[in-house]
Amino acid sequence: MERIDVPLPSLEPEPEYVPPPRELRSRQIHGTISGSSAGEYHVYRLSRRREFANTQRAALEATLEKEKNEFAQQLEEKRKLDELQTEKKRLKRLKKKQNKNAKAQDQNKSDKSNTTNAKQPIEITSDTPKAEP
């Protein structure tokens with residue numbers, strides 16, 4: 001807090017480092033023809049190694065990109081299937097709940113109608129003669 005003139009560091013994450021694209025082919029490749037010196041052979045060998053490394057890296061990047069796209073596609077398909085299943089089960093639960101509520105309402109209506117129109121049970125007292133078998 002003592003130095004007000006120094007700006008605070010940014011809290012944003014730094015962007016991911018992307019190396020600059022390299023050439024796939026070298027321009028000056030010296031062959032192993034007779035008459036060339038050992039130094040030229042080593043230059044040829046190094047340039048050939050760089051070329052193979054670049055082509056291998058490009059092939060690896062292509063396969064990784066392809067796998068990444070396939071994975072994203074599979075993930076999207078699974079997400080859609082999950083959403084469909086969830087919606088289906090949600091509708092089933094809702095339908096079950098509505099049926100349960102409808103049955104309860106019907107039961108309440110029938111209970112009310114039975115109590116008003118139903119005959120009262122006969123109470124047996126000592127004054128009532130019993131049927132003999």
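With the requirement that a residue be open to solvent by 100 Å² or more (accessible area, probe 1.4 Å) and under 25 Å from P21 (Cα atoms), what does region 66-84 give you? K66, E67, K68, listed by residue number.
Restricting attention to region 42-55, and to residues there that are farther than 15 Å from P21 by Cβ and open to solvent by 90 Å² or more (accessible area, probe 1.4 Å), which single residue is modelled with the lowest pLDDT? Checking each candidate, the answer is R48. Of the residues that sit in region 20-39 and are of a type outside the set (A, V, I, L, M) and open to solvent by less than 80 Å² (accessible area, probe 1.4 Å), which one is modelled with the lowest pLDDT? Among them, the one singled out is H30.
The values are calculated or read from the model by the stated rules, or taken from the named source; none is laboratory data. Just so it is clear, the model here is predicted, and its values are computed rather than measured. Heads up, the Cβs are rebuilt from the backbone with ideal geometry, glycines too, and the neighbour counts pull from every protein chain shown. These area figures cover heavy atoms from the full protein model, side chains too; ligands, DNA and RNA do not enter into them. Shrake-Rupley method; radii C 1.70, N 1.55, O 1.52, S 1.80 Å.
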